[in-house]
Structure formats: structure tokens, C-alpha cells
Amino acid sequence: MEEEDKAPDMEAWERAYADDRSWESLIEDESGLLKAGDDVQQQRQHRRRLIQASGPRIQRGIIRYLCLILDFSRAAGEIDFRPSRMAVVAKAVEDFVREYFDQNPLSQLGIIVMKNGIASVVTELSGSPEAHIRALKSNLESFGEASLQNGLELAHTYVQHIPSYGHREVVIVFSALSTCDPGNILETVKKCKAARMKCSVVGLTAEIYICKHISQETGGSYAVAMNEGHLKEILLEHVPPPAAMPDASSASLVRMGFPQRGSEGAVAICACHKELRIGGGYICPRCRARVCELPTECSLCGLALVSSAHLARSYHHLFPIPTFDELLVDASLRGKSSFAGSCFGCRIQLSGGGSLRLRCPRCKRDFCFDCDVYIHESLHNCPGCETLQEEAVT
Amino acid sequence: MKFVIEGLTVYFPYEFIYREQYAYMVELKHALDARGHCLLEMPTGTGKTITLLSLITSYQLANPSLAKLIYCTRTVHEMEKVLDELRRLHLYQEKEIGSSRAKILALGLSSRKNLCIHPVVSGETSRESVDAGCRKLTASWVRAAAETNLDIETCSFYQGYEKQGSEQPLPPGVYTLHDLRVYGRQRGWCPYFLARQMIQFANVVVYNYQYLLDPKVSGIISKEMQKECIVVFDEAHNIDNVCIEALSVNLRQNNLDGASRNIHKLNQIISRFKETDANRLRQEYNRLVEGLAQQGNLHGSDNWLANPVLPEDILREAVPGNIRRAEHFVAFLQRAVQYLRERLDTDTVVKEGPVSFTTTMSTAAGLDQKALKFCYDRLHSLLLTLEVTEIDEFLHVQTVCNFLTLVGTYTRGFSIIIEPYDERMPHIPDPVLQLSCLDASLAIKPVFDRFQSVVITSGTLSPIDLYPRLLNFNPVIIHSFTMTLTRDCLCPMILARGSDQLPVSSKFDMRSDPGVVRNYGRLLLEMVATVPDGVVCFFVSYSYMDGIINSWNEMGILQEVMQHKLVFIETQDYVETTLALENFRQACDCGRGAVFFSVARGKVAEGIDFDRHYGRLVIMFGVPFQYTLSKILNARLEYLRDTFQIKEGDFLTFDAVASSLRSVLRLFVYLYQRQAAQCVGRVIRSKADYGMMIFADKRYNLPNKRNKLPQWIQSQLREEHLNLSTDMAVHIAREFLRRMAQPSDPQVSKSTLLSQEDLEKMAAMPNF
């Protein structure tokens, strides 16, 4: 059979440990036989998403204000995701929040929870990932109905105060199948559209018309999670900064402050906690107030406070490395010398199969799938291109 | 796109065509070539209409000898859809071959109610009152009187049409009812009479089934159609019922009372005429002596309904002497009504054939059969002579004459059933005298005989070999098409057991079992918690629905359902149901979610589509067998067995499965969102509609029921979806919904489409 010929580079039992939930990749075909999911196929799928996300080089809005609306209604207590939808969502959101601040250091995030028919604020729009995660973890219980309208209305009141250069986004993680609203939700959707809020929905159960309507109207995306892994993936799709708003393209200057770290042992009243703190902290260059964490907005003078490292981290979004092209391995070519060789990153043999062969369009070096993921998602530099530049210098 | 099928150039207004559409065209062309009738089944939502129109109009272009395409639909809404498609096709043809060659005149025809633009008359609510209102203004004697007396009101639109319209035909183009009204307003012409006149010149006529099948209407409208016409019956799955209804009459107490009143009034008018204008009555008498044949040259606006009897059964002789005189005829009618009243006054069920009925009638009341046959024409003539314009007031006597004429004319294929009360409500006396036609082939026979090709098509004609027997014709082509799906967007399931693994069924001995009721309730509950937006439930009958909803209410199931979705219920009241439907849609739109309880064979089941999110799931609770104790059904079954050798069980199962299927298919899956796919052309949006159907009864598992599902559903009904229990069904539903929510791959859907190049390639291959 064809599959046996391919001789995967990892044995089946090894694979079982490498993956967290290996049984989920098993597929039952029509005759009831179990088949292990195809490695190469999965890799392709992963890349397809990457390619879709990247697109041509575009101006991106790197200052984002994102409201995360979580549905902790009765439906979130269902156990079709183990241990419960809510726990799975919380875990995925935790990853999302960390990743979000990692890639968007200049952005802010707030969490709203819908339960018992109302929407309540868990954390206000702010910059610290740990604070969000802590607040979310102390809030894990589910009951009552979900009301999308209340959630959106609450998000709307928050978003109104955001400066015009900021991107207003809402991501709703929705477990329920229905929304129990006090009024006409369609009016609220119109209001959100007028306020230029981009509302995206991540569903956990099935496609719901109103969610689709909300995302279509406001220019967001809508996706439904197949399983836990998929949920994480589609949530992480909201991490890279979105394309800049078309009407905001006229360059405008944003006033920012780069605060210095306060000297150890200095005693000051913290502006964010409103209490006496010793040591650490940053001093706002304009009003000399002390804040605990960066990035944030000075609570006295309203200046955006960042560190230069944050700005530098946002840089790669503006100049992304090109997506690598997949080279199709033709059986006839496999033996030939031009196709021998190894991954430029990790020196693994590429001729054996089990991994895609990917080529950087600029430096024409080949990489394996793992290196491709590492380069595009973490490193943001192509080793091949970098060495080319070095050679040019020397 | 333009392509060639066996030498015929077909113009198709989209850039891509589906494989089954192409196959459909090929079969249709064979039937047209053979000048025979055909029976074609193709899944709903695969673009039957445009396929039919495209092939037939192209065929017309190639064969100018072909007279016209007569396209019959069930509702006005469908009619407009057909004309819209036709307009698109026409625009494309004009672009391809120039407007001079692609000249086409297509129009829709409907009743005055839908076409009238007279400010007062068009405001009337019922069809009859609009007809009568029109007649008051347009009858020949009214207009003649108006010429001398300016106080008499006439219809300016009709006058306008009379003056110029009749000479100057409509310019070529495609006219929907709306267009006709607009055009009529612009020109000041009556759109109804204009449309009726233009039928003769049109290439494509779109109208209701009745205009061909009901002899009362077709006698006026469709009399002049040539033999070289192609007739299409779309959505024809219950064409047999339409045929039967066209020839059936029900008489109740109020009809007879009304008829007596009418007769009394006629008497008054006659005596008034005798004093003022006796000459007129004498003229009528003379005319009747010569025979009724002259009636044909009556003025267009004067004839309103033709004889209820099929054209070839109408006697071409003079009216018998005993009803020639007006007063004699009225006395004759009076005796007949009196006799019917006596017959109706019974406390047992009576079933008779037409022969014995007329015999007893002539012996008991002296009403001979020959005279009966002429009742309808005689009444018609009398009303004309007496210049009666308020025809809506004389409906009852018309019904009685209709009955008498039918009973006098036909000896076979009918039966007369008198029931003193409804079987289901024996305490309420509601006597009814039914003349029911048992043979669907009677009404449709003239259509088959008259026209060169008759195409009967629908999404659900299974079992397809039963239709030729029911309608008694020999199709040259019978074909059931399957479909190529871009993905498994249809998920039929057969649920045989409840959550406690006990069988569920609506069988008579099981239906009141609390266990079954609870299991059905649990099923609904689990499903509303799993399926988003709209869910539609069908029950086998109103009484069953009432009973089960009551029990669910007592068990607290209904309250739990309400936590997930709002509940709406179909009632027998039309207005209430419409309101419920509207609110149901709203609840689905705003995300609250809703469930609609309805009845198989009800209004909702036979006419309303629950597309997209309005019907993500349809549950059919039980098998909707017809009410087998019904006398009419039994008479029909007996007749079918004796005449066509169709077994009772076969017919009942066919009917039950067909009607449950029709209910379930209200989840009208727009399989590919064809419009989007084909209009947009290159950019294929294949995000298609999807839906699930659950047949909740263990009897659906039996092969004799399952095999009666159409091929295209059977192919989707996988082995592991049979004989399910509630928990398994929930699991399947969850998985299905998640899978369907994923964006689909555009590459896959493209493979089901054929472009012009593909077709050319296929044509080049000799063995295709």
C-alpha cells in the first residue's frame, strides 16, 4: 500500500508520545477502519493557514484595543469538550492572552464574561497579561443564559473612549446556541458597526446565524472549533495585528513616553494601585507618576507608556519574512542529486519524506516543516537570508 | 455559456453547469425529439427551472414549428421565480444571438385578483368578489348601457384595452405579473384581459396547474393552445391530487341553503323580466333549441367559467326540452336541491356510484339524467340572459349545477359519499355530500392527448414507476437523477429507539404509550440543545400533535424546551399560522432560536420552505399515513386496486412516505447556493446550505419504506445512520454541525461544475 511505502520518520508508538492527544488524530473511514492522520497532510493544512494569514505586505494596525467576550452561560458547562467547555476555553484564552501581548506589545485587552443573562467586566482594558489570566481563573463558573446583546453593548461603552488611531476589536468565544436578549440585537450590531468595532466570533458548537451576521456586518471573522486543538488555532488567528483601517491611513503621530525604571529602594505612591510601593516601577517622563508595568497608559496624564523593546518586537509585523514555497517531491526526482540535501536550519535529511520541503523565495535555501514553523512564528528572521547578507558584507 | 447537445445549440445563462443539469437536458431533449411525455425526478435546489427553460427555449429557437412552452406552477410565487429566471436567460440569448433572433414573448397569467389594477375592484379580498366586481364593470350589456347612460360606471382600463389593446399586441419581452400591472397602468389597459389575449401570441406562458387541469378554467383559457406545445408541470409530486380536486365537488348544508336563496332570486328576476322584456327570454329559448354551440362566440368578458366536464365529454346537442324554458329550469333546480337536501338528511354513511345515484334521483324526484348533464351550461346561459353581474352571490347554485352536471356525465371513476358527521368528531352533525373523483387520470387525460410533449418533474417523484400508473400514461422517458455534492451537506437519519433503547413509533397501539411520548420529548429536548437556530417538527396529524404537546406540557418537557428555544405551533387557522411563522423567522434571525411544530400534509408542510438557518433540522415524528377510515380514501383505494392493480398497502406507504418526505424537504436545502455560484462565475462561493433530517419512527427502518425514498436521499442515508437511538443521533448531529460550520474547500466544489471547455471536451469524446 501507498502509506506503507512512505516509511514515516517517526514510528507510530513514538508519535503517540510526541503528541498530546494522539487519539484525536485517528480517523474512522467508511468501512469502520481506523487510520492515523496523515502527517504531511496536517503540515500542509497548517501552512495553508499561515499563507492565508500572511498575504501581501500590508500596513498593519499595531495599536489594538481588544475586548474578549467569553460566554460562561449554562452551555459552557457541557462536557463534550473535556473536562468542560469552560475549562477548555479558559485554557485556550490563557494561551491567547500571553501570545497576544507577546506579539502586540503596544496593545491592550479587556475581558468581559456573559452569564446569567448579563455581561460583566472581569478586567478593564489594560496591558498586563498576568492580571487578565489571574482574574479569569478566579471567575470560572457557568450558569444562566448568554446575552450577546448585553456583551456587545458593554464592549461598546468601553470602546468609545479609545483614541481614533487604535483598532477596536471584539472577539467573542461563544459556547451557547442561542442568545437571550433584552432588546433587538440587530440594532446593537448596527451601533457596533457605526463605532467601527470589528467583531469576530469563535463558536464551540455549530454555526449560528446571528454570530455569522455579527461578524459579516462588522468585518470580523467567524469560525467554529472542531476540537480543542482547533479551538486554540482559531483563537490564535486573532493574534497577528490586522490590516490597518483604510480611512486611517494618513500618517498621524502618536505621542508616547519611554519611561525609565525607577531606582531600587525608592518609595513612591503607585499610580495604578493607589498605594505606597517600594522599588521597581517606571516613572512617567511627563508627569513623574509611578506605574508598575509596561506597556500601559499613564493614569495621570494619559500618555501611552512603552519600552523600546516593545516597539522593536512589533517591527516584524511590518516587515514579515516571505512565506516559503512548497516543493513537490516527485517520485522520479527523488533519487536525483538536486533533491538530496538537508534542511538549512537543522540539517535533517529532507529526502526521506515525512516532512514537506520548503524553499525560501529570497535565498533559495530549503527548510523542513519544523524549521519553517519556527522561522515564521518565533524567529521572524530567515537564517538563509541573514547569512547571505553577512556574506555580502564580508 | 453555449454548448451543443446532439446537434442542438443550447444557451445557458451561467458560466458553469452541473453534471446532473447536463444529464437532465440530454434526457429532456430525447423526450422532445420523440414527441412524447416524460417523467423526470431531480433533487430540489439543483436548478431544475433554469435547466428546463434553457433547453426548451433553445429547442424552440432551433425548431420554429414548435408552438409554445406552457409552464405550470403551483403558486404565484413560483410563477414569478420562473419568469425571473426566464428573463435572465432571455437577456443572455439576446447578447449571444442578437435581439432580432432571440425574440420571445413570455408572460404569466393569473386570476383577476392578482392582475386587476382598478382602484376599487383590486381592493376586494376574495377571488370571487374581484371577479364579480370586474364583471359588474365590464359585462357587455353594462358597457352597452353605459354608452347611452353616462351614470353607469365602467372600468376605464377595460375600455382602454378594448379600444387599442386588442389591435396592438404587447412588444416582445418577459413579463411577470408585476410587469403586466405596471405596463397596464402606463397604457391604461387592463392587464388581465391583455394577458389573456396575448397568450395566443406568446412563446412561453406561465400559469397555474388549474388553467390546464380544471375543465372549468381550461375551457376558456387554454382552449386555443395548439398541439405543438410543450407542457411542463413543475413541482408535480401531488399532481394526482390536483387532478382529483379539479373534478370533485362537496356539498354541505349551507351550499344547499344558499342555492335555495339563489333560486328564489332567479325566480324573482325571471318574473320581472317577463313583465318588462319577455322577448329576451324567448330569444334565449330559440337559441337553446338550436343548441348551445353558439355559446362559443360570446364576448370575451362575458364568459367566466366553462363547463366543469372535460371537453370531449360535453354533449354537442340541443338542451332537452324540459329545461329550455327559464321557469322550467328553475323549477328543475328547485326539485334537485330539495332532493339533495333529503339525501343529506341521513344518519348513516351512504356510498353510491354515480349510476345508482342518478337512477334513484330520476325515480324519486323525476330528474332525468340527460337534463342533469346540461345544468351547468343552462345556468350559465340563464345568468347571461338575465344579465346578472353579481356572480359571486350565485356561487352556491353554481356549485349545485356543477355537481349535477358531473354526476350526470360520468358513470365511472367517481363515487358519491354522504357522511352525516366527521368521523373524528361524531357529536357534531356536519352532513356533507361528496362527489369525489377517484381517478386522477381523468382530468389529465385531455392534456396528454392534446399536447405533443408533457414534462412532469419534481424533486420527489419516488417511486417513480407509480406515477405512470396513477395518471395512466406512457412516458417515453422516466429518469431519476442523483446529484453530485460538494460535500455531505444533507444528513438524513432514521431514529428507531429512544434514549432508553425502547422503540419509538406513532403506530396506533403505541402512540399513547407514555414511554413513547417521553422518548419523543427527550429526543426533541436533546436536539434543541444541540442544533442552532431553527428546528421544525412535523407530526402525523393535528389531533396527535395536540395530544403529544399536552403530555409534554404535563411532563415538564415543554418548559425545558423553552429554555433553549421558543416554541411556535401551526394551527388550522391560516392567519394565526402565518403570524406564528413570521415570529418563528424573527426568533431565528435574532439568535434566540425557535422550534416550529407543524403537521405533515398541513399548509406549512406543503408550501413553506425552511431554508438556511430557518431549518437546520427537521424531525418527522411518526409515519404520516392517511386517515385510513376516511370513506373517500377507501373508495379511491378500492378503485385503484380494481382498475390499476395498485395494492392498497403500496399506495398508502407511498403516500405516507411521500408526504413525510415532502414535509422533511421543507428544509429546502439550497445545495450549492446555485445563484451565487453560477452568477459570480469564476469566484465560486461554495459555502452551501446544509441540514439534517430525522425520521423518528422504527417503521422507517423497514426496507419497504426506506426504498421509497428518492435515490438522491438514499445515497446520503448511510448504513450507520439507520436504527439510531437518541444519544447516537445527538452525537452524529454534533459532529455534523461542527463539520458543516467549517469553510469548504473551493477546489472541491469546482469539480462538480462543468465549464464550456469541459463540455466541448466531453462532446469530443465519442463514447460519452
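The values are calculated or read from the model by the stated rules, or taken from the named source; none is laboratory data. Quick caveat, the model's predicted, so the values are computed rather than measured. With ideal geometry, Cβ positions are generated from the backbone for all residues, glycine too; neighbour counts draw on all protein chains shown. Surface accessibility is based on the protein's heavy atoms, side chains included, excluding ligands, DNA and RNA. Shrake-Rupley method; radii C 1.70, N 1.55, O 1.52, S 1.80 Å.
Each residue of the stretch B:610-617 was assigned a 3J(HN,Hα) from its phi angle through the Karplus expression (A = 6.51, B = -1.76, C = 1.60, θ = phi - 60°), giving 10, 8, 6, 6, 6, x, 6, 9 Hz with x at Gly and Pro. Between B:Val76, B:Leu194, B:Ile417, the Cα set farthest toward the positive side of the dipole of the protein assembly as shown (charges on each charged residue's Cβ, about the Cα centre) is that of B:Leu194.
What the phi angles of the stretch B:231-237 give under the Karplus curve with 6.51, -1.76 and 1.60, with θ = phi - 60°, is a coupling list of 10, 10, 9, 8, 6, 8, 5 Hz, glycine and proline written as x.
How would you classify the stretch B:1-108 from its alpha-carbon gyration tensor, with a ≥ b ≥ c the square roots of the eigenvalues: rounded for a/c under 1.5, else prolate if a/b is greater than b/c, otherwise oblate?
Rounded is the answer for the stretch B:1-108, as its axis ratio a/c remains below 1.5.
For the protein assembly as shown, the dipole from Cβ point charges (+1 on Lys and Arg, -1 on Asp and Glu) about the Cα centre works out to 2020 debye, to the nearest 20.
The solvent-accessible area of B:Glu352, taken with every protein chain present and a 1.4 Å probe, is close to 30 Å². Taking each DSSP H run with n ≥ 4 as -39500 (n - 2.57) and averaging over every residue of the protein assembly as shown yields -13000 deg cm²/dmol at 222 nm. If R0 equals 22 Å, the separation of the Cβ atoms of B:Glu719 and A:Asn227 corresponds to a calculated FRET efficiency of about 0.30. The string of couplings for the stretch B:127-138 from the Karplus curve (6.51, -1.76, 1.60, θ = phi - 60°) is 5, 5, 6, 5, 4, 5, x, 5, 5, 4, 9, 10 Hz, one whole number per residue in order, with x for Gly and Pro. If a spin label sat at a point 7 angstrom from the Cα of A:Ser308 along the line to its beta carbon, the backbone N atoms of the stretch A:66-105 nearer than 18 Å would be those of A:105.
Could you give the length gained by full extension between A:Cys346 and A:Ala195, i.e. 0.36 nm per residue of separation minus their alpha carbon distance, to one decimal place? Walk me through the numbers on the way to the answer.
Values: separation 151, 0.36 × 151 = 54.36 nm, distance 4.84 nm.
Fully extending the segment from A:Cys346 to A:Ala195 adds 49.5 nm.
Label-to-label distance, B:Asn704 versus B:Ala34, with points set 7 angstrom from Cα along the beta-carbon direction: 3.1 nm. Measuring nothing but how far apart in sequence close Cα pairs (under 8 Å, 6+ apart) lie, relative to its length, the stretch B:97-256 scores a relative contact order of 30 percent. Residues whose amide H comes within less than 5 Å of that of A:Val224, counting only those at least five positions distant or on another chain, are A:Gly203 (H built at 1.01 Å from N in the peptide plane). Computed from the C-beta positions of A:Cys287 and A:His380, the FRET efficiency with R₀ = 45 Å rounds to 0.80.
Relative to the current alpha-carbon distance between B:Glu576 and B:Arg261, full extension at 0.36 nm per residue lengthens the span by 110.1 nm.
When you count the other C-beta atoms within 10 angstrom of each residue and take the mean per peptide, A:294-305, B:692-703, A:139-150 line up highest first as B:692-703, A:139-150, A:294-305. Nearest 100 Å² is fine: what is the total accessible surface buried where chains B and A meet, probe 1.4 Å? Accessible area lost upon association: around 2000 Å². Distant-in-sequence amide contacts of B:Leu617, defined by a placed amide H-H separation under 5 Å and a gap of 5 or more residues or a different chain, comprise B:Val536, B:Met692.
Shielding of peptide A:140-152 by partners, expressed as the average count of other chain Cβ atoms within 10 Å per residue Cβ, is 1. Rounded to the nearest 20, the Cβ-based charge dipole of the stretch A:60-238 about its Cα centre (Lys and Arg +1, Asp and Glu -1) stands at 340 debye.
Label-to-label distance for B:Lys370 and B:Ser140 is 2.9 nm, based on points extended 7 Å past Cα in the beta-carbon direction.
For the pair the stretch B:427-486 and the stretch A:271-319, the centres of their Cα atoms are 80 angstrom apart. Considering every alpha-carbon pair of the stretch B:554-637, the percent of pairs per 5 Å bin, from zero through the bin containing the longest distance, is 3, 12, 20, 21, 18, 12, 6, 5, 3, 1. Look at the stretch B:520-533: the mean tally of other chain Cβ atoms within 10 Å of its residues' Cβ atoms is 3.
The H on the amide N of B:Leu438, modeled in the peptide plane, is under 5 Å from the matching H of B:Phe414, B:Ser415, each at least 5 residues off or on a different chain. Accessible-area rank, largest first, for B:Glu735, B:Glu570: B:Glu735, B:Glu570, with all protein chains present and a 1.4 angstrom probe. With a simple spin-label model that places each label point 7 Å from the Cα along the Cα-to-Cβ direction, the separation between A:Val122 and B:Gln197 comes to 7.5 nm.
Other protein chain C-beta atoms within 10 Å of residue C-beta, averaged over A:255-265: 0.
Pairs of alpha carbons in chain B separated by more than 52 Å make up 17% of all such pairs. Report the FRET efficiency, 1/(1 + (r/R0)^6), for B:Gln226 and A:Asp370, where r is their Cβ-Cβ distance and R0 is 60 Å, rounded to 0.05. Working from the Cβ atoms, E equals 0.20. When the residues B:Val121, B:Val217 are ordered by accessible surface, computed with a 1.4 Å probe over the protein chains alone, the sequence from largest down reads B:Val217, B:Val121.
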